[in-house]
Amino acid sequence: MAVGGGSGVVNLYQCGGGGNGGGSSGASVLEAPAAGLWGGGGAFAAAPERPAPFRSLMHLTTAVDTLQFSADGQLMMMASRMKKDSLRLVHLPSGNVYANWPTRLTPLHYVHCGAFSPGGGFMAVGNAKGRVLLYRLHHYSSA
């Protein structure tokens with residue numbers, strides 16, 4: 001699970017027993033794992049008063065508007081429309097932010113939305129100019 005704040009900080013929390021941060025245990029949003037989201041007993045187990053994030057990402061400096069996850073739970077896109085070219089990709093199992101993309105030459109402009117294709121092979125980014133930029137993610141063999 002990821003939670004973005006007004007200051008640009010994104011906290012990543014591990015949910016379920018998978019331990020990969022991506023929630024790829026196969027359970028849907030409506031079906032909580034048997035141990036509950038926070039390791040308690042059952043689907044409606046109470047969350048701890050202050051669950052600790054496994055990673056805090058401080059790579060954005062303005063309010064987080066967009067948090068999108070890839071279908072396989074490997075990638076997360078985080079963006080802010082308040083600052084030009086303010087988008088980062090995160091490898092969820094490790095919690096690391098990709099440093100090599102976007103570059104300062106990537107024409108993102110002010111990012112308003114983003115999405116991953118169901119197969120994970122493509123990522124779309126919508127910006128304030130009314131354009132949708134489509135990027136191929138070469139890590140995925142199928143689109």
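The values are calculated or read from the model by the stated rules, or taken from the named source; none is laboratory data. Predicted model only: the values in this text are computed from it and were never measured. Counting neighbours? That spans all protein chains shown, and the Cβs are built from the backbone with ideal geometry, glycine included. Accessible surface areas use protein heavy atoms only, side chains included; no ligands, DNA or RNA. Shrake-Rupley method; radii C 1.70, N 1.55, O 1.52, S 1.80 Å.
Can you tell me which residue is most open to solvent (accessible area, probe 1.4 Å) among those in region 107-123 that are touching a Phe, Trp or Tyr at 6+ places or on another chain (Cβ under 8 Å) and not aliphatic (A, V, I, L, M)?
Only one residue tops the list, namely Phe122.
For (1) assigned to a loop (DSSP other than H, G, I, E, B); (2) over 12 Å from Ala2 (Cβ atoms), each residue gets a yes or a no:
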{"position": "Glu49", "(1), (2)": "yes, yes"}
{"position": "Pro53", "(1), (2)": "yes, no"}
{"position": "His59", "(1), (2)": "yes, yes"}
{"position": "Gln68", "(1), (2)": "no, no"}
{"position": "Ala71", "(1), (2)": "yes, yes"}
{"position": "Met82", "(1), (2)": "yes, yes"}
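Quickly run through region 83-106 and pick out the residues that are open to solvent by 60 Å² or more (accessible area, probe 1.4 Å) and in contact (Cβ under 8 Å) with a residue 24 or more places away in the chain.
Listed by number, the residues that qualify are Lys83, Lys84, Arg88.
Taking the criterion of being within 22 Å of Ser7 (Cα to Cα), modelled with pLDDT of 95 or more and surrounded by 15 or more Cβ atoms within 10 Å (Cβ to Cβ), would at least one residue in region 127-138 satisfy it?
Scanning region 127-138, I find at least one residue that is within 22 Å of Ser7 (Cα to Cα), modelled with pLDDT of 95 or more and surrounded by 15 or more Cβ atoms within 10 Å (Cβ to Cβ), so the answer is yes.
Which number in (1) open to solvent by less than 30 Å² (accessible area, probe 1.4 Å); (2) modelled with pLDDT of 90 or more marks the one condition that Pro53 misses?
Single failed check for Pro53: (1).
Would you tally the residues in region 97-113 being touching a Leu at 6+ places or on another chain (Cβ under 7 Å) and in a strand (DSSP E or B)?
2
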